[in-house]
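The values are calculated or read from the model by the stated rules, or taken from the named source; none is laboratory data. Quantities reported herein were computed from a predicted structural model and do not represent experimental measurements. So basically every Cβ, Gly included, is an ideal-geometry build from the backbone, and we count neighbours across all protein chains shown. Only protein heavy atoms, including side chains, enter the accessible area calculation; ligands, DNA and RNA are left aside. Shrake-Rupley method; radii C 1.70, N 1.55, O 1.52, S 1.80 Å.
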Protein chains: 4
Amino acid sequence: MMGAMSADVKAMPGMEAMDMAVMQACMDACAACEQACTVCSMQMMDCAPACMNCADMCNTMMRSMMRMQGMTPAVMMAMLDACIAMCQMCMEECMEHAAHSEVCKMCAQSCKACMDACMDMKNMMMATA
Amino acid sequence: MMGAMSADVKAMPGMEAMDMAVMQACMDACAACEQACTVCSMQMMDCAPACMNCADMCNTMMRSMMRMQGMTPAVMMAMLDACIAMCQMCMEECMEHAAHSEVCKMCAQSCKACMDACMDMKNMMMATA
Amino acid sequence: MMGAMSADVKAMPGMEAMDMAVMQACMDACAACEQACTVCSMQMMDCAPACMNCADMCNTMMRSMMRMQGMTPAVMMAMLDACIAMCQMCMEECMEHAAHSEVCKMCAQSCKACMDACMDMKNMMMATA
Amino acid sequence: MMGAMSADVKAMPGMEAMDMAVMQACMDACAACEQACTVCSMQMMDCAPACMNCADMCNTMMRSMMRMQGMTPAVMMAMLDACIAMCQMCMEECMEHAAHSEVCKMCAQSCKACMDACMDMKNMMMATA
């Protein structure tokens, strides 16, 4: 299923020219980050609260991208900013444990990837607008 | 249970002086908005996609306020901005149907209340910082 | 908003005679349990994984009751059973810490209340069918 | 990230001999079903309420499998039953539109795959117990 959703996702008003490959990559990165954060939170380390927050934010971000009719470019931008800020904080928390925990290392990488994918979305939207 | 959670919520680093009554009001407004939006989305009117996005964003916002250890003031601010933008958009969509649908009218009111409560949080955080 | 949702919730096919007060009580108990479990999970005690599972299950249960058009009595029964099982397990975990943690004690009480409200829903549905 | 989570997931008490490949397949099927249902619900067809319920149930199911420490075999069984019942109902709703909507057809297939994967989990757990 991964990598096949954007073909069925309706465009956001005013953003019909969006590059669907960039959006698909962002949805996939959000899904992967939600999962990595959920697993990481189970270690009961210091990063757990950030991981739980990040898992929920990434799920909400992913779902919203699948419901573009219910967004405006301005709302999308604000949500991408929130997701980027959350992923960055979670990445920094998990990086502190990366030397001792493979799960934290993987989680930090997923956060980084999600943060980058959200930034690509923002750049794409600004270029399209 | 409503109205009693903030007593058990740990403060965010750097924000120990926060007014817990303001935060409790914001969590309650998010919970109410999630519910109103979920019910409203079931009407299958034009506002449904916005309502679903708003329900998810409000749930994520509420949960994050209950997990302040996993936030920084900067992340919280970005999430509040996203929640405010989402609530405002949903409110505007539902207001267009408010004359014909009591559910849309209630949903728009919940969105307005949630938006206001998130703004109160922002103002309180800026006054505390 | 609490206590006012069921008036706008559409009935499930075959269940038009349902007592909406019982359903409203169940939705409220689910919402309260999601919140108590989310706060409790932040203590990073042994019960945290059960609390996170319970928070998600209760949110899903509550939302489904607000979307009865997308349920059948059989699906509803299966979900109520799952929610009851989850709440009972979480309650038992938190009860072990209730003597030392006020938050765990409150969480166990919320789980018990949610379990009871779900059982009331089941009994009401069986009486209505 | 897909297909790599189960290696980091802790076993459930009493279920240490579980086949992690079966569980990974089930988590992937849940994730795919949540996404297909979310997109399908946006068509605003009759199946939308079932799709929204199914999306939430699948997400809760997936996350719970990533938090096995917070489950017992009995709770897991009840949740799998609920997920199976929900997926079956959503599949049947979407099958009625499959001839006219490619999205509904894909959604029905995702529901079927998730239902089957949950049944495989149940069978594996019964064989392991």
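Descriptive notes on the structure:
- For chain A, the longest principal axis of the C-alpha atoms and the axis of helix A:48-65 are separated by about 10°.
- Within the shell defined by Cβ-Cβ distances under 12 Å, the residues around D:Pro13 carry a net charge of -2, with Lys and Arg each +1 and Asp and Glu each -1.
- About its Cα centre, the dipole of region D:16-129 is roughly 200 debye, where the only charges are +1 on Lys and Arg Cβ and -1 on Asp and Glu Cβ.
- Cα centroid separation - region D:59-76 against region B:13-65, whole Å: 26 Å
- Relative to the dominant Cα principal axis of chain A, helix A:102-128 is inclined by about 20°.
- With K and R counted +1 and D and E -1, the other residues having a Cβ less than 11 Å from that of B:Arg67 yield a net charge of +1.
- Environment charge of C:Ala113, counting only residues whose C-beta is closer than 14 Å and scoring Lys/Arg +1, Asp/Glu -1: -2
- Accessible area that becomes buried as D packs against A, both chains, 1.4 Å probe, Å², nearest 100: 2500 Å²
- Using alpha-carbon coordinates, inclination of helix D:73-95 to the longest axis of chain D, degrees: 20 degrees
- Set A:Lys10/D:Lys112; B:Lys112/C:Lys122; A:Lys10/D:Lys105; A:Lys10/D:Lys10; A:Lys105/B:Lys122; A:Lys122/C:Lys10 screened for pairs whose C-alpha atoms are more than 28 Å apart: B:Lys112/C:Lys122; A:Lys10/D:Lys10; A:Lys105/B:Lys122; A:Lys122/C:Lys10
- Shielded residues, region A:91-122 - accessible-area loss of 40 Å² or more between chain alone and all protein chains, probe 1.4 Å: A:Met106
- At least 40 Å² of accessible area lost relative to the chain alone, listed for region A:6-52 with a 1.4 Å probe: A:Asp8, A:Glu34, A:Gln35, A:Thr38, A:Val39, A:Met42, A:Met44, A:Pro49, A:Met52
- Per residue, the accessible area of region A:10-129 comes to 32 Å², computed with a 1.4 Å probe over protein heavy atoms only.
- Tail weight of P(r) past 43 Å, computed on alpha-carbon pairs of the protein assembly as shown, percent: 7 percent
- Taking the protein heavy atoms of region C:18-128 in the context of the full set of protein chains, the accessible area attributed to carbon and sulfur is 56 percent at 1.4 Å.
- Computed with the Debye formula from one identical point scatterer per Cα of chain A, without solvent, the log10 of I(q)/I(0) at q = 0.10 Å⁻¹ comes to -0.30.
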